1. For residues in segment 141-164 being in contact (Cβ under 8 Å) with a residue 40 or more places away in the chain and surrounded by 19 or more Cβ atoms within 10 Å (Cβ to Cβ), which is nearest to Ile64 (Cα to Cα)?
2. Going through segment 84-130 one residue at a time, which ones are outside any helix (DSSP H, G or I) and exposed (fewer than 13 other Cβ atoms within 10 Å of the Cβ)?
3. Got a sec? Which of Lys35, Lys18 is charged (D, E, K, R) and under 23 Å from Leu114 (Cβ atoms)?
4. Are there any pairs, at least 6 apart or on different chains, whose C-beta atoms fall under 8 Å, with the first in segment 173-202 and more than 14 Å from Phe82 (Cα to Cα) and surrounded by 14 or more Cβ atoms within 10 Å (Cβ to Cβ) and the second at pLDDT below 70 and of a type outside the set (Phe, Trp, Tyr), and if so, which?
5. Assess whether Asn62 counts as being modelled with pLDDT of 80 or more and either part of a helix (DSSP H, G or I) or among the aliphatic types (A, V, I, L, M) (or both).
Amino acid sequence: MNTKEKIIYESLNLFSTKGFDAISVRDIANKVGIKASSLYNHFKNKQDIFDTIIEKYSTYANQILKNINTRNNTNSFIINKFKDLSDDQFLKIHMKMFRFYLEDEYMVKFRKILTIEQFNNPQISKIYHEIFIDNILDAHTKILIALMDQKLLISRDAYTLSIQLCSPVFLLFYKYGNVTDKESQILKNHILEFRNTYTMKG
């Protein structure tokens, strides 16, 4: 990790715990182990660091979500093999996305930054809702629509069902800084209950 990467990483840590306004350039430099003046060799100012973090981790989140949705043609796999998937296989597919948002170090810290700053900046609020709510709901809605089209799920409003499926994840976003085995098991139970409730019988 070079100096610029260290500045970004330590700023991510600091902003996610205390917020943007409470952190000074000197705080960041001390964490990195450089003089405050040396930080300006890499960034114009604190705002430049913050903007870099927002751009970097927004791109990171969107790319990972895209990879999850396309890796091994996951959506088609779920649709074509839905009835034949074991509970463990079904959980593995759905938990992959949820675990990324709830357990990935960078996403947990990035979410905390956006949560703190969304009330001060409409653009940050928009990014927060897009990455941590809208994109998750949209990804699941597309899968649910396809499953209903194939008569594999009971026909309901797909977006409403997506909210029902994902709501416990959003609750965990707000309630916990990280997810223990207990909460992970609760989430697994919810996913299986959702499947059993809405799968077409017969």
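1. Looking at the filtered set, the residue picked out is Ile143.
2. Those that are outside any helix (DSSP H, G or I) and exposed (fewer than 13 other Cβ atoms within 10 Å of the Cβ): Ser86, Phe119, Asn120.
3. Selected residue: Lys18, the only one of Lys35, Lys18 that is charged (D, E, K, R) and under 23 Å from Leu114 (Cβ atoms).
4. As it stands, the answer is Leu187/Val179, since those pairs meet every condition given.
5. Against the criterion (modelled with pLDDT of 80 or more and either part of a helix (DSSP H, G or I) or among the aliphatic types (A, V, I, L, M) (or both)), Asn62 qualifies.
The values are calculated or read from the model by the stated rules, or taken from the named source; none is laboratory data. These numbers come from a predicted model, not from an experiment. Every residue, glycine among them, receives a Cβ derived from its backbone with ideal geometry; neighbour counts consider all protein chains shown.
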